[in-house]
Amino acid sequence: MNFMRHGAATFMALILAMLLANWATQPPPLRAPADIGAGIDISRAMADLNVIAREPHVTGSPANARVRDDIVKMLAATGLTAEIQRGVAVRQSPRKGKSISVAPVENIIAVAPGKDRAAPAVLVMAHYDSVPFSLGASDDGAGTVSALAAARMITAGPTPARDVIFLITDGEEMGLTGAQYFFDNHPLAKRVGIVVNAEARGSRGRAQMFQTSPGNAALVDLWADHAISPSGNSLNDAIYRSLPNDTDLSVSLDKGIAGINGAFIDGHFDYHSTTDRADVIDQRTLQHLGDFALTTTRVLAYAPALPVRGADSVFFDMFGQFVVQYPKWMGWIPLLFAAAGLGLLYRRAADLSWRRKGGAVAGVIVATAALAAVGHGIGVLTRGAGSIGLREAMAEADVLMLALIGLALAAWLVLRAGRALMLAAMLVLLAAAVAVQVMLPAAAFLIAWPVLIAVAIALAAPLRARYRWPVTAICVVLAALALAYIFQFVVQGYVSVGLMTTGIFAIALPFMIALLTPLGVDAPAASARGWRRAGAVLALVSIAGVGWVATMDGFSARHPRPGDFFAVNDLRDGRAYWATTSGADELPSGKAAPITLLPESRFKILGQRAAIPAPSAERQLAISVAAAGPKSTWRITSSRPPRVMIIALRPTAAMTGVRINGVPVTLPADQWTPLYYRAAKPVDIMIEADGVATGGQLAMQTLLASPGLPAGAPRPAGLETNWTMLTGTEVVLDAWPVKAAATAKP
């Protein structure tokens, strides 16, 4: 076929790019015991992990106490004596909605003394609690064993320059409550100069350094110079700062303490799931996370001084081999060179009319937008309703991603139309890079350097004609490197946000046009038919893959189907329901309609009216109210541990001096503020206010989910996950518009 003969260089670059991108998204290979050297001992880490992840261990449970004691013994084996910090922690998020989390916590703290005990200390942090139904092997058993590996390294080596504090927090899954309690109350918190945190969300992939404190240039430089197969970039850092996501590091960052965060996030099906087991984790991934924690801790512990805050830098790793770093202003340099080169290319294309050039620009934009829309629509089509559909999408994510990438390649083959489209793609990407450099300079590298490489390859066309094979080989390698980097980010982006929109893969299209077209732009026009035929065949194959995902049940023994069925007793209106957060097919046959659990609730619930016995007293919250002068107190208790408790609080007038379990909080008037409690201990929460405006009330709407379905349930509940955490529970709703000076509700 003509297109194969004339497109040999193009296809060679494409194949190399795909192979390199696949290699770059894999964690480094396991080291042999004799080669452990500077990194962690994966055999020891797995042994620790199997102890920690024996059973679910939610905050406050006997199982969590056993894990706590096991970690204390592991620290003792390194020569460190651990302290247990106990208390009821309260954290109010600084983010929109300012939700409040309450949990009883038991933090584990150990200190490796340094030469200068007065110097700012390094704190190594992970959390040991799990969600109620998960073994917590990755989240955050992986982080915990990484911290333990760092403890062994410090205690077995020379005395560090400064103290190294090991904080294994409790209650992270309950709203970062353990970290909040430490940084609010422990004397050691005032001595912390920098924090190294290790986390996980999944079961495989590279461990990314994805978050730093502001003014990170020196910190990034220190990390990059000592990391084993460094993975991280300023794009992820900049995006994470703007997301509502949190880890324990968020607490120390809110306190103004410098820090660095590492995690792996692929294999999302296992996140907060019954499948989060030690045997499921890719040991290469665990090794990579451990290497991040160990090497970063070591360089900070032994450095003459901790990194000084300055400006934020632009940084990115080159396929895990080394890190490129430069000031933000330098991001303009590749853009200026790319703009100059693109100007020369447009001068060479004087034979193309401006109408054709403008049409090509519109074509690139429309084609990319259309491909993104198709990809998003495919995601909606293949993902079923509700939380079970979400889990199925996770189980089928890899197959769907391959099908979508196939569609992007098919679109490139079909659109192959020579210089006009090539120049248009370069211009569109250059304009996008300039906009990103202005608005988010930490992210501009992702577009700027590939555009510059694409322009350079196109400018080299006369050299290719004169020195065909040497110059062509260089151009193929450059195109493959740049495109592999884009493919790598497409995969990472899909893993990160694919559940929000699968259309993210479409960003690869203009890069493929810009980088691959120059390698075959001199091919005869007649060969375009061959390219388009190949594209049509690939499109059919990709659509078949999408059809397979849409029609097949993605659940299996490896990816078990979760349950999503619970009961609701709504004491606010006396109604009861069988309910689900998924589609109506989860309910018995009959009419189902949306129901609201709490004001501004994030739960989307379908309910079917049912005759359910009234809840017993032990499945309800008890609320008592006391007043003395201007002060009022509300005490909320339960007789047994809930699966989850949520209270929506709304003062109808201004309240001053509001405290929850003695911790000051803010409850804005006429706004609902959610309060969460998820721990394996009975609820005991005290809300106090020094003053309540005349006639004011503290309106409460409450949710208490207790394990076990009431009598008469039409089917068993099935497996629960974090997305179906109400499964197998009886949810009791109530409302308490209690006046500040009123007596207890009868």
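Worth pointing out:
- Members of the stretch 211-259 that are touching an Asp or Glu at 6+ places or on another chain (Cβ under 9 Å), within 17 Å of residue 319 (Cβ to Cβ) and either assigned to a strand (DSSP E or B) or open to solvent by 30 Å² or more (accessible area, probe 1.4 Å) (or both): 228, 232, 233
- Scanning the stretch 427-441 for residues that are free of Cβ contacts under 8 Å to residues at least 60 places away in the same chain and either small (Gly, Ala, Ser) or not in a helix (DSSP H, G or I) (or both) returns 431, 432, 435.
- Members of the stretch 340-361 that are assigned to a helix (DSSP H, G or I) and either on the phi > 0 side of the Ramachandran plot or open to solvent by less than 50 Å² (accessible area, probe 1.4 Å) (or both): 341, 342, 343, 345, 346, 357, 358, 359, 360, 361
- The stretch 652-683: number of residues that are assigned to a strand (DSSP E or B), among the hydrophobic types (A, V, I, L, M, F, W, C) and open to solvent by 20 Å² or more (accessible area, probe 1.4 Å): 2
- Per-region count, the stretch 442-460, residues part of a helix (DSSP H, G or I) and open to solvent by less than 30 Å² (accessible area, probe 1.4 Å): 12
- Residue within the stretch 68-76 that is over 21 Å from residue 273 (Cα atoms), assigned to a helix (DSSP H, G or I) and small (Gly, Ala, Ser) present: yes
- Only listed residue being modelled with pLDDT under 95, basic (Lys, Arg) and within 29 Å of the chain's Cα centre (by Cα), chosen from 561, 533: 561
- If you filter the stretch 550-575 down to residues that are crowded, with 21+ Cβ neighbours inside 10 Å and hydrophobic (A, V, I, L, M, F, W, C), you find that the one that is nearest to residue 378 (Cα to Cα) is 565.
- Candidates in the stretch 637-649 are the residues that are of a type outside the set (Val, Ile, Thr) and either in a loop (DSSP other than H, G, I, E, B) or surrounded by fewer than 19 Cβ atoms within 10 Å (Cβ to Cβ) (or both); of these, the one that is nearest to the chain's Cα centre (by Cα) is 643.
- Residue 619 among the charged types (D, E, K, R), in contact (Cβ under 8 Å) with a residue 12 or more places away in the chain, out of contact with any helix residue (DSSP H, G or I) (no Cβ under 7 Å at 6 or more places or on another chain) and open to solvent by less than 70 Å² (accessible area, probe 1.4 Å): yes
- Test: residue 693 is at pLDDT below 95 and over 34 Å from the mean Cα position of the chain (by Cα): yes
- Exclusive hit being of a type outside the set (Val, Ile, Thr), in contact (Cβ under 8 Å) with a residue 40 or more places away in the chain, touching a strand residue (DSSP E or B) at 6+ places or on another chain (Cβ under 8 Å) and on the phi > 0 side of the Ramachandran plot, set 386, 331, 418: 386
- Tallying residues that are among the small types (Gly, Ala, Ser) and open to solvent by less than 20 Å² (accessible area, probe 1.4 Å) within the stretch 94-113 yields 4.
- Each residue in the stretch 160-201 was checked for being assigned to a strand (DSSP E or B) and under 13 Å from residue 121 (Cβ atoms), and 10 of them qualify.
- Any hit, the stretch 127-136, residues being touching a strand residue (DSSP E or B) at 6+ places or on another chain (Cβ under 6 Å), surrounded by fewer than 24 Cβ atoms within 10 Å (Cβ to Cβ) and not in a strand (DSSP E or B): no
The values are calculated or read from the model by the stated rules, or taken from the named source; none is laboratory data. These figures come from a predicted structure and were not determined experimentally. Quick reminder, even Gly has a Cβ in these numbers, built from the backbone with ideal geometry, and neighbours come from all protein chains shown. Keep in mind that these areas ignore ligands, DNA and RNA; they rest on the heavy atoms of the full protein, side chains included. Shrake-Rupley method; radii C 1.70, N 1.55, O 1.52, S 1.80 Å.
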